[in-house]
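Asker: Just passing along the structure, written as structure tokens.
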Amino acid sequence: MVDAILSPILEQLTSMAVDEAKEQVRLETGVGKEAEKLTRKLRTIQTVLHDAEKRQIKEETVRLWLNQLRDACYDMEDVLGEWNTARHKLQIDGVDDHENDALVPKKKVCSFFPAASCFGCKPIFLRRRVALKMKDINETLDDIAKQKAEFGFAVNVINSNERADQRVPSISLIDESEIFGRETQKNDLVNKLLCESSEEQKGPCVISLVGMGGIGKTTLAQLAYNNDDVKNHFEKRIWVCVSDPFDVFRIARAIIEALTGSAPNFGEFQSLMQHVQGCVEGKKFLLVLDDVWNKDDSKWEPFYNCLKIGFHGSKILITTRDETTAHIMKSTDIIPIAVLFEKECWSIFESIAFFGKSMEGCENLKKIGREIVGKCKGLPLAVKTIGSLLRSKNTEEEWQNILKSEIWDHEVVERGLLAPLLLSYNELPSKVKHCFSYCAVFPKDLEIWKYELIKLWMAQGYLNEKGNKEMEDIGEEYFNILASSSFFQEFETDVDGKVYKCKMHDLVHDLAQFICRNACLTVKIPGGEESIMSSFEQKKVVHLRLTIDEGTSVPIAIWNNVKRMRRLRSLLVEGGDYSWSSKVLPQLFDKLTCLRVLTLGAHIWGHNFIKKIPKNIEKLLHLKYLSLCGQREIEKLPETLCELYNLERLDVNNCRNLRELPRGIGRLRKLMYLHNARTASLRYLPVGIGELIRLREVREFVVGGRYDRACSLGSLKKLNLLRQQCSIRGLGGVSDAGEARRAELEKKKYLVELELQFDQAGRRKNEEDEDERLLEALGPPPNLKRLEIYQYRGRRNVVPINWFMSLTNLRDLYLCNCRNCEHLPPLGKLKSLESLLIFGMKSVKRVGNEFLGVESDTDGSSVIAFPKLKKLMFKVMSELEEWDFGTAIKGEIIIMPRLSFLEIGCCRKLKALPDHLLQKSTLQRLEIWGECPVLKDRCRKETGEDWPKIRHIPEISIG
């Protein structure tokens, strides 16, 4: 994991020399020399990290050595961050200062240099300061390098048999009397093995059992393999323990030996494969490949091709920890293996821990044992390992010690349980290991929101852009690697099937804690104050999470401990009473200058919120992610916030009294995400927002035409990286259609959801005409999937005709409170539209053929209006009287062929619904609510005039 920190540092040190040559920057001699020394030493140390990471599990001295190296790397990161920030600031500021010519020549530059402890330092002072810090780190690395020599580490050459030796090979034999649970899963698996494959299936059917290490995949495979029906069904059964690496020669010989009774001596893979093919030809076989790690399709392909010659109905059963492996092995059926129920875990534990013990007088031990089993969270290997540990312990005191201790405190547990989990961990790429260990900052059993986790990874610098790949996409990739390797579980998905939330098994969380050496600390307040204080004192914390119960005050002693954590890079504060903030925050900002992440989140139902952010927030030089989410009493942010030149993400979601952002926001050139949803009091965005060309998100782009320092609609012009969703507020105050054209929304190709709010009503004279001109001039982004328009005051073209060619991907459309609009646009032309809401359009009296987008003189070929529409809602249409598509259109017209949901609410004058909509066989739900007297009467059950037309609809709600 240290390599994940060290590699980016080497890249930065190298780039310093590159910048010197490219930009003709003259580095201070001391800086250049120290950087060269650091680079040489770090490269030498890097060559032994693989061996060190492996040995640290059993050698405490190696673990301490790696801790020292990690701390030195963190110090180096901070120094390089300070240097790069200073250079970045100079590029932004630019004033006349002769001394700065040595750093940024041919420019007028500022002497206003940020440093870790003060702002306003001269550049020459900064260069010397950086050189001195590098010298200190070099001296530390000298000691680390000397110790390295004493350990005799092997250089990074990975023996291909290295990991295979870490696990005792599995065999097919099993004593079923010792197995508890899995009966249902065993029967399901046996049925899948006995089920005949379809005639179209070419080659053996592949079934994969997938789950985390120690969950019981091998046991389940053994149970199925030894089932009598399975034995009788297959002519040949073969069991091969594969492990890592996927050695094609060893696997081929094992298959042949199992089939013929002798191992061949062939040296050529071709000869081996021909022998395998000859052995399985015409035979119905079951091949079990246990503990597969293969991620190389080319290694499996020749095996699978040879095995195709077996008799129809042959099966291959695979156990693996990685779903990606299951797909690579061409699995037709992937079975996730779940944890055991507590009752089944207790049966396992009882059979092991109480073996040979007299059951008389064991009641107290049983009570403790049940608590211990609860800590194992359904993982059979954990239950067996702890049970084995307790078999030789007979007193309550010994059992209580096990219950209260950290699970990794016991060598037997480490060997039995840590090893299989570490196998999965060691298989991860270096950068993904770093991401995994950070998960220790979350409390056990907490629901982890995927995108919040990715934000934290990004802020810590774990994700680096690769070519055209965004950091968020790389984070998604790393998350998927961890998920497919069974490090996450209990996934929840959105409507598109994408995971947005998950959990970690407690023992996987323990592994993360073990890996990061307690660098991550989670503290719940209130809690036992004595144990909290000892947690602070004993652990070298880098990432701290404080979860504070509502209405709870935090003891001042805790804040004093937090202030002393000078290396702290994450401070995540959740909930609680912020009455301490005015006194404590300035002190924290003074001391915690290494922070990358600061979240001061508040619950929306809380009290005693933060009222003011201290000006000395500028001291947080390295800060990349600042979250004030839910702090509803903050009205403005200090201008000094704009000195945080590394800030990438600012979250002010739900800061509902926030009136303005700092004027100098344009100086935050690295800002990529401005989360400002539900900030209704925000009057405008500052004019500098238009210069932040790296912005990926501005949730609410607030145009403030009547404010001097406000951005214009045209400020959107350069923000072509905006993605996902954006709401443009204040359009009602914009009177220049030219501003709309300058916004160039049509170039925002990554924007998929757009909200247009024509608020600030009454600011213009001819608001109806001006809204129409403004909307036409705006034009939509090309890949829009969702469009919402609010308070538009034009009489026509609520969706301009010139927009329709661009709305080919539009799935959801909401038109709300467009009070002057007299006719609905021809929305039937929108080929991808799935959901449509028409709300509060009180001037619309009739809906007719124009709504379908089909001309009245159309004849000949058939036309489909609303081809994909599934959900249609008309709400609060107070003047709507008639809805009829008529019969004047010639030719075949198909209207809303996929409609499944129709909702009508508060349409008091509407006389009837179109017959062809009511009689649709696709309609699954009809809702009529609010003041709709005529419709309710017509649709009354059994007696209503339209009841015969709607009685076929499965769900009808009238009320």
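The values are calculated or read from the model by the stated rules, or taken from the named source; none is laboratory data. Here the structure is a predicted model, which is why all the values come from computation and not from measurement. Reconstructed Cβ throughout: ideal geometry from the backbone, glycine too, with neighbour counts over all protein chains shown. These area figures cover heavy atoms from the full protein model, side chains too; ligands, DNA and RNA do not enter into them. Shrake-Rupley method; radii C 1.70, N 1.55, O 1.52, S 1.80 Å.
Asker: Quick one: which of 229-242, 715-728 comes out on top by average Cβ neighbours within 10 Å, and what's the full order, highest first?
Answerer: 715-728, 229-242
Asker: If contacts are Cα pairs under 8 angstrom and at least 6 residues apart, what is the relative contact order of the chain in percent? Present the calculation step by step, with values, prior to reporting the outcome.
Answerer: Working: 1919 pairs, mean separation 47.8, N = 959.
About 5 percent, as a whole number.
Asker: What distance in nm lies between label points placed 7 Å from Cα along the C-beta direction at Asn394 and Glu768?
Answerer: Here the modelled spin labels are 9.7 nm apart.
Asker: Turning to a different aspect of this structure: Using the Kirkwood radius over C-alpha pairs as Rh, can you work out the diffusion coefficient of segment 700-801 via Stokes-Einstein at 37 °C, viscosity 0.692 mPa s, in µm² per second? Write out the running numbers ahead of the final one.
Answerer: On the way: Rh = 13.5 Å.
Calculated translational D: 244 µm²/s.
Asker: Something else now. Report the calculated FRET efficiency for Asp228 and Glu257 (r = Cβ-Cβ distance, R0 = 35 Å), to the nearest 0.05.
Answerer: Efficiency computed from Cβ-Cβ geometry: 0.90.
Asker: From the backbone phi of segment 831-836, what are the Karplus-calculated ³J(HN,Hα) couplings (6.51 cos²θ - 1.76 cosθ + 1.60, θ = phi - 60°) in whole Hz, Gly and Pro given as x?
Answerer: With the stated coefficients, segment 831-836 comes to 5, 9, 5, 10, 9, 9 Hz.
Asker: Right, another one. From the P(r) of segment 557-712, could you give the percentage of C-alpha pairs in the tail past 21 Å?
Answerer: Counting pairs separated by more than 21 Å, the tail of P(r) holds 42 percent.
Asker: Another question, then. Give the accessible surface of the chain per residue, rounded to a whole number of Å², with probe radius 1.4 Å and ligands, DNA and RNA excluded.
Answerer: 43 Å²
Asker: Of all the accessible heavy-atom surface of the chain, with the other protein chains kept in place and a 1.4 Å probe, what percent is carbon and sulfur?
Answerer: 48 percent
Asker: Using a simple spin-label model with points 7 Å from Cα along the Cα→Cβ vector, what separation in nm is obtained for Asp736 and Phe491?
Answerer: So the two model labels end up 5.0 nm from each other.
Asker: Let me ask something additional. Segment 665-758: Rg/Rh from Cα coordinates, Kirkwood Rh?
Answerer: My calculation puts Rg/Rh at 0.91.
Asker: Something else about it: What is the gain in length, in nm to one decimal, between Ser197 and Ile801 on full extension, counting 0.36 nm per residue of separation less the C-alpha to C-alpha distance?
Answerer: 212.0 nm
Asker: What does DSSP give for the chain in terms of the percent of beta bridges that are antiparallel, rounded to the nearest 5?
Answerer: Percent antiparallel among DSSP bridges in the chain is about 10.
Asker: What percentage of all Cα-Cα pairs in segment 657-709 are separated by more than 12 Å?
Answerer: The calculated P(r) of segment 657-709 puts 63 percent of pairs beyond 12 Å.
Asker: Tabulate in residue order the Karplus-calculated ³J(HN,Hα) for segment 374-380, using 6.51 cos²θ - 1.76 cosθ + 1.60 with θ = phi - 60°, rounded to whole Hz; enter x for Gly and Pro.
Answerer: Whole-Hz 3J(HN,Hα) from phi for segment 374-380: x, 5, 7, 6, x, 8, x.
Asker: Could you give me the ³J(HN,Hα) list for segment 263-270, computed from phi with Karplus coefficients 6.51, -1.76, 1.60 and θ = phi - 60°, whole Hz, x at Gly and Pro?
Answerer: Ordered by residue, 3J(HN,Hα) equals 8, x, 9, 4, x, 9, 4, 4 Hz.
Asker: Quote the FRET efficiency, to the nearest 0.05, computed for Glu139 versus Glu11 with a Förster distance R0 of 22 Å and r equal to the Cβ-Cβ distance.
Answerer: That pair, Glu139 with Glu11, gives E of 0.45.
Asker: Give the calculated FRET efficiency between Glu452 and Glu281 to the nearest 0.05, with a Förster radius of 56 Å applied to their Cβ-Cβ distance. Numbers along the way, then the final one.
Answerer: On the way: r = 55 Å, r/R0 = 0.98.
That gives a FRET efficiency of 0.55.
Asker: Say the cut-off is 29 Å between C-alpha atoms; which of Lys330/Lys749; Lys202/Lys433; Lys33/Lys148; Lys747/Lys842; Lys501/Lys591 go over it?
Answerer: Violating the 29 Å Cα-Cα cut-off are Lys330/Lys749; Lys202/Lys433; Lys747/Lys842; Lys501/Lys591.
Asker: Can you give me the pair-distance distribution of segment 431-568, C-alpha pairs, 5 Å bins, whole percents?
Answerer: Calculated P(r), rounded to whole percents: 2, 9, 18, 20, 18, 15, 10, 6, 2, 1, 0.
Asker: Run the numbers for Trp605 and Ala154: contour at 0.36 nm per residue of separation, minus the present Cα-Cα distance, in nm.
Answerer: Taking Trp605 through Ala154 to full extension adds about 156.7 nm, to one decimal.
Asker: With all protein chains present, calculate the accessible area of Arg741 using a 1.4 Å probe and round the result to the nearest 10 Å².
Answerer: 150 Å²
Asker: In terms of Cα to Cα distance under 14 Å, which aspartates and glutamates are near enough to Lys283, apart from those fewer than 8 places away along the same chain?
Answerer: Within the straight-line cut-off, Lys283 pairs with Glu235.
Asker: Return the subset of Lys54/Lys540; Lys466/Lys636; Lys455/Lys503; Lys54/Lys295 for which the Cα-Cα distance in this structure is over 28 Å, preserving the input order.
Answerer: With Cα atoms farther than 28 Å apart: Lys466/Lys636.
Asker: Using Stokes-Einstein with the Kirkwood hydrodynamic radius over Cα pairs, what translational diffusion coefficient do you get for the chain at 10 °C and a viscosity of 1.306 mPa s, in µm²/s rounded to a whole number? Walk me through the intermediate numbers first.
Answerer: Values: Rh = 33.1 Å.
Rounded, D is 48 µm²/s.
Asker: How would Glu397, Glu53, Glu574 rank on accessible area, largest to smallest, probe 1.4 Å?
Answerer: Glu397, Glu574, Glu53
Asker: To continue, here is another question. Fully extended, how many nm does the chain gain between Lys747 and Gln147 (0.36 nm per residue separation, minus their Cα-Cα distance)? Before the final figure, lay out each step's value.
Answerer: Working: separation 600, 0.36 × 600 = 216.00 nm, distance 5.71 nm.
Separation in residues times 0.36 nm, less the Cα-Cα distance, equals 210.3 nm.
Asker: Could you sort the peptides 542-549, 45-52 by per-residue average Cβ neighbour count (10 Å cutoff), highest mean leading?
Answerer: 542-549, 45-52
Asker: Here is a follow-up. I'm a student and want to see the number: the projected area of the Cα convex hull of segment 607-692, averaged over all directions, in nm².
Answerer: Working: hull surface 19.6 nm².
Over every viewing direction, the Cα hull of segment 607-692 projects on average to 4.9 nm².
Asker: Something else about it: Based on a Kirkwood Rh over C-alpha pairs, give the Stokes-Einstein translational diffusion coefficient of segment 236-381 at 37 °C and viscosity 0.692 mPa s in µm²/s.
Answerer: Numbers: Rh = 18.2 Å.
Approximately 181 µm²/s, per Stokes-Einstein.
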